[in-house]
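Below is one structure, written out as structure tokens; comments come after it.
Nothing in this text is a laboratory measurement; each read-out follows from the coordinates by a stated rule. Note that the structure is a prediction, hence the values are computed from the model and not measured. All Cβ positions, even for glycine, are placed from backbone atoms using ideal geometry, and neighbour counts span all protein chains on display.
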Amino acid sequence: MIQDDETLEELRRKKMEELLNTSQQTAKFPTGVAVNITDNDFDEFVKQEGIVVVDTWAAWCMPCRTMAPIMEQLAKEWADKGVHIGKLDVDENRRTAMRFGISSIPNFLVFQNGKYLGNVVGAVGKKPFVQLFKKLLDGNDETKAGHA
């Protein structure tokens, strides 16, 4: 009888893990990866709880290509802290690029709990983002629009 209870509990645990993994994989904006977004879902993406960074880029931009694996790494490393990374191709999504006055790429738009905080421009590497995430997570809200 005890073995049956243990077996049943193990089956329940495995089923719950499956359900959680499936919902994570089928979510519109999965965590732990840099998500491709468009003009159409931009507003929905940036309104997520936590810190949201949108990497505005283009295929022809070499500095953008340099930053792409860094953003993927940040998405994976900071997912459990509520950091979400999105990628927006400015050539295919001009409306959002114009809305935020993006004239240089890569340009990283930073939001927290749906509020636009500012941007980071250029292939700055990983360290400035780590510092920014720590500052925002510590509740230090000295960040002003335009100067994330």
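For the chain, the longest principal axis of the alpha carbon atoms and the long axis of helix 2-26 meet at an angle near 20°.
Annotation: average projected area of the chain is 10.5 square nanometres, based on the convex hull of Cα atoms across all directions.
Phi-derived couplings, Karplus 6.51 cos²θ - 1.76 cosθ + 1.60 at θ = phi - 60°, listed residue by residue for the stretch 51-66: 9, 10, 10, 10, 7, 8, 8, 8, 4, 7, 8, 5, x, 5, 5, 5 Hz, with x used for Gly and Pro. Among the aspartates and glutamates, which have Cα under 16 Å from the Cα of K126 when same-chain residues fewer than 8 positions away are ignored? Of all the aspartates and glutamates, those that pass the test against K126 - Cα under 16 Å, at least 8 places apart if same chain - are D55, E72, E77.
For the chain, the longest principal axis of the C-alpha atoms and the axis of helix 127-137 are separated by about 60°. By definition, a body whose alpha carbon gyration tensor gives a ≥ b ≥ c is oblate when a/c is 1.5 or more and a/b is not larger than b/c, and the stretch 28-109 fits this oblate description. Across the chain, the longest piece that holds none of the GluC sites (Glu not before Pro) lying in DSSP loops with up to 13 other C-beta atoms within 10 Å covers 93-141.
For the residues K15, K135, what sequence is obtained by ranking on other C-beta atoms within 10 Å, fewest first?
By the 10 Å Cβ count, ascending: K15, K135.
Sorted fewest first by neighbouring Cβ atoms within 10 angstrom, L8, L88 come out as L8, L88. Taking a straight line from the alpha carbon of K115, these lysines sit under 20 Å away, with near neighbours fewer than eight places off in the same chain left out: K47, K81, K87, K134, K135, K144. Think of it as helices only: each DSSP H run of n ≥ 4 in the chain is worth -39500 (n - 2.57), and spread over all residues that comes to -13500 deg cm²/dmol at 222 nm. Summing charges over all other residues whose Cβ lies under 15 Å from the Cβ of Q73, with Lys and Arg as +1 and Asp and Glu as -1, gives +2.
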